[in-house]
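Working notes, beginning with the structure itself.
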Amino acid sequence: MMGSARLDDKEMRQTYADTILELARNDDRVIALEADLSSAMTTSRLEKELPGQFVNVGIMEANMMGIAAGLSIVGRKPFIHSFGQFVTRRAFDQLFVSLGYAKLSAVIVGSDAGVTAEHNGGTHMTFEDIALVREIPNAHVYEASDSYQLQYLLKKAYKEGGLHYIRTIRKKAVKLYDENETFEKAKVLRSGKDVTIIASGIMVAESLQAAVQLSQMGMEATVIDMFSIKPLDIDTLIEAAKATGVVVTAENHNVNGGLGSAVAEALSENFPVPLYRIGVRERFGQVGQTEYLKKVYGLNAETIVKEVKNRLEVVI
Amino acid sequence: MQVTETNLQFFAKQIRFYTLKELQAVGFGHYGGSLSIVEALAVLYGKHLTIDADDANNPDRDYFVLSKGHGGPALYATLFLKKFFSEETLYTLNQNGTTLPSHPDRNLTPGVEMTTGSLGQGISAAAGIAFGNKLDGRSNYTYAIVGDGELNEGQCWEAIQFAAHHKLDHFVVFIDENKKQLDGLTIDIMNPFDFVEKMKAFGFAAERVDGSNVDAIDEAIQRAKKRSGQPTAIVLDTTKGQGVSYLEEKVDNHHIRPSMDDTNAINAALAELEKALAGGENQ
Ligand SMILES: Cc1ncc(C[n+]2csc(CCOP(=O)(O)OP(=O)(O)O)c2C)c(N)n1
Ligand SMILES: [Mg+2]
């Protein structure tokens, strides 16, 4: 399943476009919406291939939420994409009221997660999108860690209906899964007795790397891909917490409101264990290459190893 | 320096030259929308804006907000030429740890008045600056450049209503009508109809000028400064990639990672500009 860090064959954006195409060909109610970022997402081709099932609304993210709400009312199945910050913080009240509170169905995909916004910098670097959408009652919140998982989650969201937010990167992720995997429960990718590392998105591959390094130092880690931040798979979480007694979370997001918070809340209500959240703390984004930014914000295997060692020393 | 019309043309060439060099240093960027505002920046910074790098916080200065923040590279070339920072700094655009990010950041870059990059927000802040200066009885001017695609955003029209309602006659909005947004032609994605008529309907004085002609832009600003009781919109008829014919003709010229052919064409444009600049201001 994991091995060395091999990249996906396909970029996440191509997977998005291909999956929409597949769904749309089989269901003419499917409609994809873009807000002047379709060339960035490789969905421009859908305009030709899917007449009547694609609309570029222009640079109007807030309006796009309302348009999608209207489309949903008349029976369409909207898939909405823009960069993560624009479909969440830019358009949050519209997302909250017109889709969430109005109990309409839509799948919203926010790309360029966290540091992968790279040279678009602070205005575009979203470390809070998951926190925002998680506040909307009944909304499902996912972060895809590889291309196949993204495809699966898009189809799952399509089948289930309701409001779904899927956070992605745009380019190639580290390949984690074969095409026979299912994503109905959190994925336990590795089992160890000493510590549980819970991650999502790009931090899953970093956690697996960290686990290998920790193992070489004599510490065995369980690694869980918690791709669904809401609903959270509390059973898998508690089972792992019971088995290891220490939990570390890792996310390309602010530690407040995202995966780390969700895990902390669930553990403290159900089975409190020592916990540390790796992620962005009280900082905005900035321009830079992904690898550089991972270092700047401590979003890498090195930080995970360091923090796990810190926790285990305290516990032991 | 006494600014003459030739000087403005010369200044525009300088800005274009350094914008291209700066973008080449990092290897990718928003070429199209940076180049289409070069002439407007040359007229503003070469003649109209009362600003001084040595007295950058003077409350009586004029203010400029680049609402279409992705044009940052052209603004940075201009600020470098106005001595806000060094040439060395200019070539750090978008490098790890830089003070010159893709989108202008008021906390990072000397001379940048407002942080922009999320389209539609800069024009509101500019209206706020103009409003505050008016409330405080100052007679300085506030200028903003918005993109024709950016004007898709409803927030722009909220700012426009606010400025007209409050009779912000020391507020000038430039609309960079380069006819393209990110995914293609504005007319295909979101028909802008006639910006001059729209702005007039919203209570602005408005006119359309050749956005590649520094004299025409200058005269429009002079007319704006004579007006009272009403803000002005100057619609700049421009071309995305303006001033580099190869880039003007390139269909996808919003964000470019130059190919070999692109690089050769950009190098040729740079050589041509360099030759023109070598002749000096008063050639
Ligand atoms: C709120 C928001 N939505 C989307 C984007 C992504 N984006 C950056 S530039 C651009 C197109 C802008 O078009 P226009 O204003 O015409 O700029 P120009 O043609 O001058 O480059 C888009 C959609 C953004 N920066 N901000
Ligand atoms: Mg434009």
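Of everything in the range A:53-74, what is touching a strand residue (DSSP E or B) at 6+ places or on another chain (Cβ under 8 Å), at the interface with chain B (Cβ under 10 Å from one of its Cβ atoms) and in a helix (DSSP H, G or I)? Give them in sequence order.
A:E61, the sole residue that qualifies.
Out of curiosity, is B:T6 more than 16 Å from ligand 2 (Cβ to nearest atom), of a type in the set (S, T, Y) and at pLDDT 95 or above?
So B:T6 fails the test.
If you go through the range A:39-83 one residue at a time, how many are away from ligand 2 (no atom under 16 Å from the Cβ) and either small (G, A, S) or surrounded by fewer than 22 Cβ atoms within 10 Å (Cβ to Cβ) (or both)?
Residues meeting the conditions: 25.
Within the range B:118-154, how many residues turn out to be within 12 Å of ligand 1 (Cβ to nearest atom) and either of a type in the set (V, I, T) or within 21 Å of B:I37 (Cα to Cα) (or both)?
Of the residues in the range B:118-154, the ones within 12 Å of ligand 1 (Cβ to nearest atom) are B:118-123, B:145-154.
From what is left, the residues that are either of a type in the set (V, I, T) or within 21 Å of B:I37 (Cα to Cα) (or both) are B:118-123, B:145-153.
Residues flagged as within 12 Å of ligand 1 (Cβ to nearest atom) and either of a type in the set (V, I, T) or within 21 Å of B:I37 (Cα to Cα) (or both) within the range B:118-154 amount to 15.
Tell me which helices (runs of 4 or more DSSP H) are completely within the range B:175-260 and hold 1 or more residues being on the phi < 0 side of the Ramachandran plot and β-branched (V, I, T), or say none if there are none.
Values: elements: B:186-189, B:195-201, B:214-226, B:245-249.
Of the helices (runs of 4 or more DSSP H) lying wholly inside the range B:175-260, those with at least 1 residues that are on the phi < 0 side of the Ramachandran plot and β-branched (V, I, T) span B:186-189, B:195-201, B:214-226.
Which one of the conditions (1) more than 14 Å from chain B (Cβ to nearest Cβ); (2) outside any loop (DSSP other than H, G, I, E, B); (3) not β-branched (V, I, T) does A:F86 fail to meet, given that it meets all the rest?
(1)
Taking into account only those residues within the range B:149-165 that are at the interface with another protein chain (Cβ under 7 Å from one of its Cβ atoms) and within 13 Å of ligand 2 (Cβ to nearest atom), which is surrounded by the fewest Cβ atoms within 10 Å (Cβ to Cβ)? Even if it seems obvious, please write down each step before you answer.
As a first pass, look at the range B:149-165 and keep what is at the interface with another protein chain (Cβ under 7 Å from one of its Cβ atoms): B:149-150, B:152-154.
Next, only the ones that are within 13 Å of ligand 2 (Cβ to nearest atom) stay: B:149-150, B:152-153.
On the way: B:G149: 28, B:E150: 26, B:N152: 24, B:E153: 27.
Selected residue: B:N152.
Could you list all residues from the range B:83-120 that are more than 16 Å from B:Y63 (Cα to Cα), within 14 Å of another protein chain (Cβ to nearest Cβ) and not polar (S, T, N, Q)?
The answer is B:L93, B:G97, B:L100, B:P101, B:H103, B:L108, B:G117, B:L119, B:G120.
Taking the condition within 16 Å of ligand 1 (Cβ to nearest atom), of a type in the set (S, T, Y) and over 23 Å from A:N56 (Cβ atoms), does B:T115 pass?
So B:T115 fits the description; yes.
Test of understanding: among B:D183, B:D188, B:D194, which residue is in contact with a strand residue (DSSP E or B) (Cβ under 7 Å, 6 or more places away or on another chain) and at pLDDT 95 or above?
Testing whether each residue is in contact with a strand residue (DSSP E or B) (Cβ under 7 Å, 6 or more places away or on another chain) and at pLDDT 95 or above leaves just B:D183.
The values are calculated or read from the model by the stated rules, or taken from the named source; none is laboratory data. Every value quoted in this text rests on a predicted model; they were computed, and no experiment measured them. All Cβ positions, glycine included, derive from the backbone under ideal geometry; neighbour counts span all protein chains shown.
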